[in-house]
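**Student:** Okay, handing you the structure first.
Values quoted throughout were computed directly from the atomic coordinates according to the rules given, and no laboratory measurement underlies them. It should be emphasised that the depicted structure is a prediction, and the values quoted were computed from it without experimental measurement. Don't worry about glycine lacking a Cβ; one is built from the backbone with ideal geometry, like all the others, and counts go over all protein chains shown.
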Amino acid sequence: MSNFLNLPAGYNLIVLDSVGSTNDELKRRALTEFADEGLAIWARMQTAGKGRNKRHWVSEVGNMFISVLFRPNRGMTEAAQLGFLPAIAASKTLEYLVGQLPELRYKWPNDLLLNKKKIGGTLLEVGFDQKTGQDWVVVGFGLNLNHFPSTMLFPATSIKDELGDELEIEEVVELYLQNLAELYSSWQRTGFGPVREKWLAYGHVIDEPLSVKFGKEHISGLFCDLDIKGGLVIETNNGPRRISVGDVYFAPITGEF
């Protein structure tokens, strides 16, 4: 366990030099060791990092890779709302360390962008443990501090490349966990409403053109809202459309990805 960082009450941190995937390691501990809520795993490097839809996540030393275990007992539909917390926590962390960043934005459902390039992404995994009768939610987040992958479906960057700042990763981890814990406590007390308001303040703007790809299908339209359950609402040629899963792009999708 880590004892050199100021952690939120009830949280514990395991620091690893290398791991296959922080999410996989935390899921293992949740299922086989019945780990308590608030356990976090931070790895300096991942050898089998992954993003949404099982995409490979480049995980070299110098960026932040961290996963946190929650046991909200609120049902899997509500638990999925926790996927909005990491980007908000990370943006608050970055603005504390480097000052206000007007070009820091959220891309639905859970990416963090700087100058319309991806610097952070979330992997949320939810399950139910029949032995304990408890839901578990692993919230993984990767933040590009010092480098970024050059080949991605969406343009990427890092804090160092974009701003020239070299942040102390220990300070980033500490502040991120404090902000994440605060958001989680707020969500537990008051539900998704305040989280939604925070997301909308940095999220897509009204009438922003978006394309959403899910499976082999895609639809295009204008951003309308983030609904009270976390769904994306866009105005299409056929009227409003609510989307619960998909990849968002700012330009119309052409060709195959």
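**Student:** What net charge do the residues around Ala30 carry, taking every other residue with its C-beta under 12 Å from that of Ala30, with Lys and Arg at +1 and Asp and Glu at -1?
**Tutor:** -3
**Student:** If you take every residue apart from Val205 with its C-beta less than 14 Å away from the C-beta of Val205, what net charge results, scoring Lys and Arg +1 and Asp and Glu -1?
**Tutor:** Combined, the nearby Lys, Arg, Asp and Glu give -2.
**Student:** Could you tell me which GluC sites (Glu not before Pro) in the stretch 134-243 are loop residues by DSSP with no more than 13 other beta carbons within 10 angstrom of their beta carbon?
**Tutor:** Sparse-neighbourhood loop GluC sites (Glu not before Pro): Glu166, Glu168.
**Student:** Oh, and also: Need one number: convex hull volume per residue for the stretch 141-257, Cα atoms only, in Å³.
**Tutor:** 133 Å³
**Student:** Per-residue ellipticity at 222 nm for the chain, helices alone: DSSP H runs ≥ 4 residues times -39500 (n - 2.57), over residue total, nearest 500 deg cm²/dmol?
**Tutor:** Rounded to the nearest 500, it is -8000 deg cm²/dmol.
**Student:** Only Cα pairs under 8 Å and at least 6 apart count here; give the relative contact order of the chain as a rounded whole percent.
**Tutor:** 16 percent
**Student:** Shifting gears a bit: What's the center-to-center distance, using Cα atoms, between the stretch 22-43 and the stretch 79-157 in Å?
**Tutor:** 18 Å
**Student:** Can you list the HN-Hα couplings for the stretch 130-141, worked out from phi with the Karplus curve (6.51, -1.76, 1.60; θ = phi - 60°), rounded to whole Hz and with x for Gly and Pro?
**Tutor:** With coefficients 6.51, -1.76 and 1.60, one gets 5, 5, 9, x, 10, 6, 9, 10, 9, 10, x, 9 Hz.
**Student:** Filter the trypsin sites (Lys or Arg not before Pro) in the stretch 195-247 down to the DSSP loop ones having no more than 15 other Cβ atoms within 10 Å, then list what survives.
**Tutor:** Taking the stretch 195-247 and a limit of 15 other Cβ atoms within 10 Å, the loop trypsin sites (Lys or Arg not before Pro) found are Lys216, Lys229.
**Student:** Of all GluC sites (Glu not before Pro) in the stretch 93-127, which ones are in loop regions per DSSP and have a Cβ with at most 16 other Cβ atoms within 10 Å?
**Tutor:** Here the GluC sites (Glu not before Pro) that fit, given the DSSP loop and packing criteria, are Glu103.
**Student:** Same structure again: If neighbour count is taken as other Cβ atoms inside 10 Å, put Tyr202, Tyr11 in order from fewest to most.
**Tutor:** Ascending Cβ contact count within 10 Å gives the list Tyr202, Tyr11.
**Student:** Take Phe4, Phe154 and order them by how many other Cβ atoms sit within 10 Å, fewest up front.
**Tutor:** Phe4, Phe154
**Student:** Among residues other than Tyr11 whose Cβ falls under 10 Å from its Cβ, what is the net charge (Lys/Arg +1, Asp/Glu -1)?
**Tutor:** After counting each charged neighbour, the total is -2.
**Student:** Normalised by the empirical 2.2 N^0.38 Å for globular proteins, what value does the Cα Rg of the stretch 12-202 take?
**Tutor:** Taking N as the residue count of the stretch 12-202, the ratio is 0.96.
**Student:** OK, next. Looking at the stretch 209-249, I'd like the Rg to Rh ratio, where Rg is from alpha-carbon atoms and Rh is Kirkwood's inverse mean 1/r.
**Tutor:** With Rh from the inverse mean 1/r over Cα pairs, Rg/Rh is 0.92.
**Student:** How do Thr157, Thr132 rank when sorted from fewest to most other Cβ atoms within 10 Å of their own Cβ?
**Tutor:** Ascending Cβ contact count within 10 Å gives the list Thr132, Thr157.
**Student:** Output ³J(HN,Hα) for the stretch 174-179: one whole-Hz value per residue in order, computed from phi by the Karplus curve 6.51 cos²θ - 1.76 cosθ + 1.60 with θ = phi - 60°, and x for Gly and Pro.
**Tutor:** Computed from phi, the couplings for the stretch 174-179 are 4, 5, 4, 5, 5, 5 Hz.
**Student:** Let me ask something else. From the phi of every residue in the stretch 189-200, what ³J(HN,Hα) in whole Hz does the Karplus formula 6.51 cos²θ - 1.76 cosθ + 1.60 yield, where θ is phi - 60° and glycine or proline is x?
**Tutor:** 3J(HN,Hα) across the stretch 189-200, in whole Hz: 7, 10, x, 7, x, x, 4, 4, 4, 5, 5, 4.
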